[in-house]
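See structure below.
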Amino acid sequence: MKHPFTLPVLLVLLATSATLAQNKIITPAQQPLVVGNAGLQHAALNASSPTAPWNGKVLSLDANGLMILVKDSAGGSGSTLWNVSGSHINYLPGNVGIGTATPLQRLHVNGDINVSTGSAYRINNSVFLLRKGVRNTLLGFNVAPIVSGTDNFFLGDSTGYANTVGSLNIFIGNNTGRSNISGIGNVFLGTFAGRNSNANNNLFIGYSVGADNTSGGNNTFIGAGSGRRNLAGAQNTYIGHQSGFENNIGERNTFIGANAGYYNTGSLNTAIGYNVNIIQGISNSTAIGSNATVTSSNSIVLGATGGNQIKVGIGNTAPTARLHVTAGGTTATGVRFENLPTSTGTVYPLYVDANGNVMKASTAGARALAAGESNWERTAQDHLLNRNGGGVLIGSGFKTLPTGYQLYVSEGILTERVKVALKSTDEWRDNVFRDDYMLRSLDEMEAFIKQHRHLPGVPSAEEMVKQGNDLHRTDALLLEKIEEQALYLLEVKKENRSLKTRTEEMMSLIRQLSQEVESLKQELQNK
């Protein structure tokens with residue numbers, strides 16, 4: 001007959017007979033030990049090294065409450081779920097869920113994962129994500145072995161690979177900032193950007209940007225290959241594909257545009273525009289405009305040479321000359337010169353034509369000489385005064401000069417006053433502007449000149465030699481020709497006015513088309 005023991009009875013037996021079977025409870029053969037509803041409590045468990053390896057079984061209870069050994073597989077039958085290899089345990093079939101009963105991958109965690117500082121996530125046993133030091137985030141293979149650097153963010157293969165004490169850096173891209181050890185405050189974005197740099201406060205964006213830089217700081221390089229050869233140059237700004245490519249030690253340069261300043265190695269230069277060229281070694285120079293080139297230091301060049309020359313407008317929007325200056329009003333001058341040097345050599349005076357073009361006054365054999373300050377002065381009475389007190393000579397070959405005269409003419413007339421009188425009004429030409437005056441057409445004028453080589457009505461050279469020059473008749477004839485030229489100019493003016501109107505209409509249409517083209521280009525760029 002089976003007699004179940006309750007737990008209180010067992011406890012009494014254990015307390016009264018401490019030596020009974022060394023505190024063991026022995027039941028009759030094949031008889032289970034039944035524990036009442038109060039449960040079973042172990043006062044103490046002794047730990048010891050196992051004498052045999054784990055065999056994949058666990059202690060469990062069956063449906064009747066019997067304690068049994070079963071395999072650690074589902075239901076206690078079949079293959080074991082966990083395997084032991086040395087000190088390692090592995091789980092081969094299915095997925096493992098932590099915080100979830102329906103894992104979707106081999107390891108599915110529903111909740112936060114805490115990785116201690118210095119520990120890392122690995123892929124194929126290579127570090128992929130590492131939190132190391134103070135506020136450093138390292139993501140990628142072969143990331144930096146940071147020792148004391150703080151506040152760094154590295155993303156990419158071998159990014160910041162050598163960094164140990166550098167802080168406040170952001171490196172993104174393969175081999176970006178690879179050689180940086182102690183550089184501070186750098187931002188490198190792009191494969192090989194700042195690869196060899198160990199400097200401070202640089203911004204490099206693009207493939208191989210500043211790749212050779214070692215100690216140059218406070219630089220801004222944007223565009224693939226920009227600042228590629230820079231070693232120690234500082235405070236440079238290069239924006240554009242391969243801008244400042246060869247400049248290795250130059251400082252405080254500003255190059256904007258693809259290939260701008262590509263070959264320059266100097267300092268304090270400014271290059272703005274596509275392919276602007278500042279020759280090697282040049283410093284403190286500026287070149288602006290596509291393909292502009294400057295070959296000397298301390299210079300400013302606007303635009304290219306040859307067929308790509310530009311026009312510069314000041315105070316206007318459509319310059320018509322290399323330098324076109326429009327004054328601010330009728331009383332304001334457009335150009336002003338100060339501190340001009342004097343010259344004792346041959347000088348050429350400048351004059352301004354009716355269109356405002358400044359030109360060098362030069363006629364064959366005529367030159368103006370100046371020594372020291374100007375010999376001429378305009379008086380308050382609007383007279384022209386020879387300040388040196390001497391006379392005015394016209395011609396050459398003077399051997400002796402009589403005194404008392406201010407104007408001397410070689411092989412000419414010595415006079416204090418010249419006046420030519422006319423006999424009658426018939427000797428003067430004032431009929432050109434009458435309505436009945438027969439003015440030759442320009443085609444007729446051209447045909448006459450081609451045939452006779454002088455103007456109609458004007459004596460030929462042979463006739464002048466034979467007849468001499470009658471001054472007042474010649475003056476009257478010249479006046480007639482001048483008045484005829486005035487009529488021709490008025491005709492040309494009318495034609496020019498018509499052409500100008502048509503040109504303005506065409507320019508307006510061109511500007512409208514240009515705006516539409518720019519708008520289309522912008523739309524294409526935004527797509």
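Derivation of every value follows stated rules applied to the coordinates shown; laboratory data play no part. Predicted model, so just to flag it, every value in this text is computed and none were measured. All Cβ positions, even for glycine, are placed from backbone atoms using ideal geometry, and neighbour counts span all protein chains on display.
Placing R0 at 56 angstrom, the Cβ-Cβ distance between R106 and S296 gives a FRET efficiency of 0.20 after rounding to 0.05. Footprinting exposure proxy ranking of T117, T317, T265, T137, fewest other C-beta atoms within 10 angstrom first, gives T317, T117, T137, T265.
Extension gain, K419-V165: 0.36 nm per intervening residue step, less the Cα-Cα distance, totals 81.5 nm.
Sorted by packing (mean other beta-carbon atoms within 10 Å per residue), highest first, where do 267-273, 503-509 land?
Details: 267-273: 22.3, 503-509: 10.3.
Descending mean neighbour count gives 267-273, 503-509.
Using 31 Å as the Cα-Cα cut-off, could you pick out the over-long pairs in K311/K527; K311/K493; K360/K481; K466/K493; K360/K493? Distance filter (> 31 Å) returns K311/K527; K466/K493. For region 439-513, the Cβ-based charge dipole about the Cα centre amounts to some 340 debye (Lys, Arg positive; Asp, Glu negative; other atoms uncharged). Local charge for L302 was computed over the other residues whose Cβ lies under 12 Å away, with Lys and Arg +1 and Asp and Glu -1, and equals +2. Structural descriptor for region 246-308: relative contact order 23 percent, calculated from alpha carbon pairs under 8 angstrom and at least 6 residues apart. Applying 0.36 nm per residue to the separation of K500 and E463 and subtracting their alpha-carbon distance, the gain on full extension is 9.0 nm. Relative to the 2.2 N^0.38 Å rule of thumb, region 439-513 has a C-alpha radius of gyration ratio of 1.70.
Karplus-based coupling profile of region 189-206, in residue order and whole Hz: 10, x, 4, 6, 4, x, 4, 9, 6, 9, 10, 10, 6, 9, 10, 10, 10, x, with θ = phi - 60° in 6.51 cos²θ - 1.76 cosθ + 1.60 and x standing for Gly or Pro. Most tightly packed first, judged by the mean number of other beta-carbon atoms within 10 Å of their residues, the peptides 443-454, 236-247 read 236-247, 443-454. Taking 0.36 nm per residue of separation and subtracting the current Cα-Cα distance, fully stretching the chain between I314 and L393 would add 24.2 nm. Ordering F337, F192, F141, F433 by the number of other Cβ atoms within 10 Å of each residue's own Cβ, fewest first, gives F337, F433, F141, F192.
By the beta-carbon count within 10 Å of each Cβ, the least crowded to most crowded order of Y161, Y488, fewest first, is Y488, Y161. What FRET efficiency do you get for Y263 and S514 if R0 is 30 Å and r is their Cβ-Cβ distance, rounded to the nearest 0.05? FRET efficiency, Y263 to S514: 0.35.
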